[in-house]
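Written below as structure tokens is the structure these notes are about.
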Amino acid sequence: MGPGSGIFFSRALDKAGLTLNKNTIPGEQSSPFYPSGVRLGTPAATSRGMKEKDMKKIGAYMGRVLDVIKSYRLPTDKETRLKLL
């Protein structure tokens, strides 16, 4: 998706009821303050009794949210970016 997209994705998922954290990915070019990736803690899911089939549903759910926000881009202008985030 692009630099900073982890921020949009984690916020959109949070609004949709799925909380995870944004993370940098290996070889990432953007600042750690604006990471492109997210991390879903599977221990948190399994401790709540979720199994493989549930994780597939969560993955599909995440994919639907990603489809909604995939065109979002992190503003290059710092002032605009700070207002947005």
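The values are calculated or read from the model by the stated rules, or taken from the named source; none is laboratory data. If you're wondering where the values come from, they're calculated on a predicted model, not measured in any experiment. Cβ placement follows ideal geometry from the backbone for every residue including glycine, while neighbour counts extend to all protein chains displayed.
Some observations on this one:
- Residue that is farthest from Thr42 (Cα to Cα) [pool: residues in the stretch 56-69 that are more than 12 Å from the chain's Cα centre (by Cα) and surrounded by 14 or more Cβ atoms within 10 Å (Cβ to Cβ)]: Tyr61
- Residues of the stretch 40-55 include none that is in contact (Cβ under 8 Å) with a residue 40 or more places away in the chain, out of contact with any Ser or Thr (no Cβ under 7 Å at 6 or more places or on another chain) and outside any helix (DSSP H, G or I).
- Any hit, the stretch 11-20, residues being in a loop (DSSP other than H, G, I, E, B), small (Gly, Ala, Ser) and modelled with pLDDT of 85 or more: yes
- Scan of the stretch 61-85 for residues that are in a loop (DSSP other than H, G, I, E, B) and among the charged types (D, E, K, R), ordered by number: Lys70, Arg73, Asp77
- Flag if Tyr61 is at pLDDT 85 or above and of a type in the set (Ser, Thr, Tyr): yes
- Consider the stretch 1-30 and keep the residues that are among the small types (Gly, Ala, Ser) and touching a residue at least 12 places away in the same chain (Cβ under 8 Å). The one that is farthest from Arg73 (Cα to Cα) is Ala16.
- Scanning the stretch 11-54 for residues that are charged (D, E, K, R) and surrounded by 11 or more Cβ atoms within 10 Å (Cβ to Cβ) returns Arg11, Asp14, Lys22, Glu28, Arg39, Asp54.
- Where a residue in the stretch 70-85 is closer than 18 Å to Ala12 by Cα and surrounded by 13 or more Cβ atoms within 10 Å (Cβ to Cβ) and its partner, wherever it lies, is among the basic types (Lys, Arg) and modelled with pLDDT under 75, with Cβ under 7 Å and at least six apart: Leu74/Arg81; Pro75/Arg81
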